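Each value in this text was obtained by applying a stated rule to the coordinates, not by laboratory testing. Values in this document were obtained by computation on a predicted structure and should not be read as measured data. Cβ placement follows ideal geometry from the backbone for every residue including glycine, while neighbour counts extend to all protein chains displayed.
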Amino acid sequence: MEWIYFIIIGAVAGWLAGLLFKGSGFGILVNIIVGIVGGILGGWLFGVLGISAGSGLIGSLITAVVGGVVLVWLISLLKKLF
């Protein structure tokens, strides 16, 4: 059951990251990927910076959205370079 929670949080976080950065979502599959990778990236970033987004659903969502926005920003930066 935990993996379903992980996928749902990833999809919502990816969709929100797409809305915040690009202006629209990327599609359900890419939203899930961006959200999951963003959650990992956000968790790492928050750990390095010593920031806590809280625990539970809201904390996980905030962490994944911040990580997703950073991920989308990094990808757009790489696209501009190449």
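Would you calculate a helix-derived [θ] at 222 nm for the chain, using -39,500 (n - 2.57) for each DSSP H run of n ≥ 4 and dividing by the full residue count, to the nearest 500?
Details: 3 runs with 68 residues, N = 82.
Mean residue ellipticity, 222 nm, calculated: -29000 deg cm²/dmol.
Restriction of the trypsin sites (Lys or Arg not before Pro) in the chain to DSSP coil positions whose beta-carbon has at most 16 other beta-carbons within 10 angstrom yields Lys22. Between Ile4 and Leu74, the contour length at 0.36 nm per residue exceeds the Cα-Cα span by 22.5 nm.
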